[in-house]
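One structure is given below, encoded as structure tokens.
Rule-based calculations on the coordinates, nothing more; no lab input. Please read these numbers as outputs of a predicted model, since none were measured by experiment. Here the Cβ positions follow ideal geometry from the backbone for every residue, glycine too, while neighbour counts run over all protein chains shown.
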Amino acid sequence: MILPLNDVLTMLACFALSGLLSFSYPHVDETWAAVLVLLVAGCIVVFQQLGHYSRRRQFWQEVGDVILAAGVSFLLHAALLYLLKINFSRLWMMTSWVLIAFLIPLSRQVTKRVSLSLGGWKQRTVIVGTGEIARETASIYAADPHLGYDVVAFIDPWQEAPARMRVEEREVPVHKLARDDVTLPSWLGRPHVVVALDLNDLPGRETLIEKLSLYHGDIDVISPVRGLPISNARVSHFFSYDILSLRICNNLARPWSQVLKRAFDIVAASAMLVFLAPLLGVIALLVRSGGAPVVFAHTRVGRHGRLFQCLKFRTMVPDARTVLNRLLASDPEARAEWERSYKLKDDPRITAFGAFLRKTSLDELPQLWNVLRGDMSLVGPRPVVADEIERYGDAKAYYYEVRPGLTGLWQISGRSDLDYDRRISLDTWYVRNWTLWYDVLILFKTLLTVPAKAGAY
């Protein structure tokens, strides 16, 4: 109930603040005020329909919705004021909606964190199931306080699980149910119910799910099917039949999506090269002072399996290959680490300045030229060498479908601290679920992740 009020107050504050920033307050009359009230009310209705006040969506999903709503509202605002022949400041109006797109998600975060500190916002949640999907769902809820789901119990319809299950750093009790019984213990109160059954546990449990929905109101059902492009799935059903249809959309297989992604790469990479030109010059001079060459080109596998020269600032000693071969021949532990991930945490080939460049990921900035050439994309799977691609197995079809990225899910999820299977999983998830908004989001998260230097070596 507080969130809609928070959004209204934030929008009104943004309209007032934009006047200070743009030094231009509009002339207020009844018509102008009516347009403003209409737009604010429209935004609140849109947010309500999108589930911002009821369904507890993830933070970055809400951010995307708010940015889109603010953009559409800006266009409507301009159109209405023009059609009604009302004088208005274009700078004030643009500043207002930019502030709204930025400050509404921020103010919601503050509101929810304050509420959490006061014991609010949390929703007592029980998870029906004790298998892998149930445990993973509980871990996701525990890791994202923005959602506010507080898992207080697991429900075991088979009466086979232990009395308690571990979720992150705490033990959660398990309540055992007789078959198709949906009576929850009184100490749980009226919790939110989440059904998270593994695929082999679903047959014969339709009655249980139906009764949970009947007696406990709105419930969530976590899909047990893995490996689908879930963010692009479209849900539909058939009138008078209990059949759910998921239309799976492979966005990156569509020509228009490929054109959109490539256009975004060209525009963004060009702007970044111009903006970062002084920094690139300084780094080049410092690398050159340690010997030639400044840029190192390494053969990597690109889209459709085509090989290309991936550019980086040189971070290693000139005779790096000889040093590596000597180390792998004499140190079994280093050889095993190299065979696992094709990386070494304590790599003797790396120079002191090169270590700094790697920690900050500045060594990869020359890849902006690879992006402009069409060898790479700003966001995509991590570029790999030919020897690595076979480790992808069947998943290499996903890798071949797109250009490798300057950054990607791997870089914002732990980098070299991740095992290789997890790295492949992140790459394939990105390809299956691509949207332009995810590219923008990953680029933004890269800016937040790189300074932390987590997993960089």
message: How large is the translational diffusion coefficient of the stretch 123-226 in µm² per second when you combine the Kirkwood radius over alpha carbon pairs with Stokes-Einstein at 10 °C and 1.306 mPa s?
response: 116 µm²/s
statement: Dividing the mean separation of Cα pairs under 8 Å (6+ apart) by the residue count of the stretch 47-111 yields a relative contact order in percent of 38 percent
message: Please compute one quarter of the surface area of the Cα convex hull for the stretch 2-117 and express it in square nanometres.
response: 7.1 nm²
task: Assign unit charges at the C-beta atoms only (+1 for Lys and Arg, -1 for Asp and Glu), then state the dipole size of the chain relative to its Cα centre in Debye, rounded to the nearest 20.
output: 1180 debye
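If the chain between residue 83 and residue 12 were fully stretched, how many nm would it gain, using 0.36 nm times the residue separation less the Cα-Cα distance?
Result: 23.3 nm gained on full extension.
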message: Suppose we keep just the DSSP beta bridges with both residues in the stretch 123-226; what percent of those would be antiparallel, to 5?
response: 20 percent
message: What's the ranking of 7-20, 210-223 by average number of surrounding C-beta atoms within 10 Å, highest first?
response: 7-20, 210-223
query: How high is the FRET efficiency between residue 237 and residue 257 when r is their beta carbon distance and R₀ equals 25 Å, given to the nearest 0.05?
result: 0.40
query: Near residue 122, which lysines are there with a Cα under 28 Å away, not counting those fewer than 8 places off in the same chain?
result: 112, 176, 211, 445
query: Given the convex hull over the Cα atoms of the chain, what projected area results after averaging over all orientations, in nm²?
result: 28.5 nm²
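Counting helices only, and only those DSSP H runs with n ≥ 4, report the 222 nm mean residue ellipticity of the chain as the sum of -39,500 (n - 2.57) divided by its residues, in deg cm²/dmol to the nearest 500.
-16000 deg cm²/dmol
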- prompt: What is the chain's relative contact order, in percent, from Cα pairs under 8 angstrom and six or more apart in sequence?
  reply: 10 percent
- request: Give me 171, 364 ranked fewest to most by other Cβ atoms within 10 Å of their Cβ, as a rough exposure proxy.
  value: 171, 364
- prompt: For the peptides 426-432, 246-252, what is the packing order when you average, over each peptide's residues, the other Cβ atoms within 10 Å and list the highest mean first?
  reply: 426-432, 246-252
